[in-house]
Amino acid sequence: MICYFRMKWKYLYVLSIVTLMGNIAFSGIYIVCDDDGSNPVTTKAHVLAAFADANRYLRQVAVTVNVTEDSIQYINRSAWKDLNRTNANYRQTLRDMRATPRNGSLRIFFVNTCNGSFRAGLNTDYCLAVAKNASGITLAHEICHAGGLSDIYIQRDSLSITDAGMVKEEYMPKDWSGYYPPDLQHTNLITRLLMYGYIVPDMGDIPLGRVYGVYRPMVSGRLQPPVKGMAPVGAQDLKRPPQHLD
Ligand SMILES: [Zn+2]
């Protein structure tokens, strides 16, 4: 996730992340177009609507990503329109996308498709991309990745917690209240979380603390193989403001 295209500093617009803690960060929001500047993947109106939708989820943890029309830029890179990890140049493309101005934090790209049909967004250490058809949930999920949260799964590779049974305090000690449907299975609680690793209709919850599940720990910036344990998917582990590396 390296490298970058040449961009003059004067084209760096500002995105402010406002939290109740008063944190503000800067970055760029880009709509990808063809090399000749034609065929933007989406409109500024769509981008504004996506952020408004994402903020409906992020406000659970007192975060509002404040975006104006002027803060959205077009960027001419045909090769960035469809990000698919089966493409031979996928890694180089991500490195190239990193190359946006480096004094900021979040770099967000709206693209045509992202990793084929099964994912709508991705986040790396250096940038974030969402498909034009992605909902605000996907955008909020990826922004939380930029804040250090992990995906959580019921099953990943050979690991599974399908036998976890009913929700209980040890699975989510920071959030335990007893105010749950009496028959709620822990696996059904996981699919409600914003950081659930797949897109499902009723996801969106951001818990206070860690939740038991399958996740991939991050060690020195590298994702490790999946483990069963307390996944960092809540406000306790969310770095403010969410950030990308320079
Ligand atoms: Zn994710």
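The values are calculated or read from the model by the stated rules, or taken from the named source; none is laboratory data. This structure is a prediction, so every number in the text was calculated from the model and none was measured. We place every Cβ from the backbone using ideal geometry, glycine too, and count neighbours over all the protein chains shown.
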Cβ pairs under 8 Å, 6+ apart or interchain, first in the stretch 148-159 and acidic (D, E), second loosely packed, with under 14 Cβ neighbours inside 10 Å, ordered by first then second residue, are D157/P225
What number of residues in the stretch 222-246 are part of a loop (DSSP other than H, G, I, E, B) and within 16 Å of the ligand (Cβ to nearest atom)? 9
Considering only residues that are out of contact with any Ser or Thr (no Cβ under 7 Å at 6 or more places or on another chain) and closer than 18 Å to K168 by Cα, which ones fall in the stretch 215-246? K228, G229, M230, G234
All but one of (1) away from the ligand (no atom under 16 Å from the Cβ); (2) small (G, A, S); (3) in a helix (DSSP H, G or I) hold for G37, so report the exception by its number. (3)
Residue that is at pLDDT below 95 and not in a helix (DSSP H, G or I), where the choices are I24, I31: I24
Consider the stretch 199-226. How many of its residues are surrounded by fewer than 14 Cβ atoms within 10 Å (Cβ to Cβ), in contact (Cβ under 8 Å) with a residue 24 or more places away in the chain and within 20 Å of V167 (Cα to Cα)? 0
Residues of the stretch 71-103 that turn out to be more than 24 Å from F51 (Cβ to Cβ) and among the aromatic types (F, W, Y), as a count: 1
Only residues that are more than 11 Å from the ligand (Cβ to nearest atom) and among the hydroxyl-bearing types (S, T, Y): list them for the stretch 113-153, please. T113, S117, T124, Y126, S135
Any residue at all in the stretch 163-173 that is in a helix (DSSP H, G or I), loosely packed, with under 15 Cβ neighbours inside 10 Å and more than 11 Å from the ligand (Cβ to nearest atom)? yes
Of all residues in the stretch 184-209, how many are in contact with an Asp or Glu (Cβ under 8 Å, 6 or more places away or on another chain) and either β-branched (V, I, T) or over 19 Å from L58 (Cβ atoms) (or both)? 1
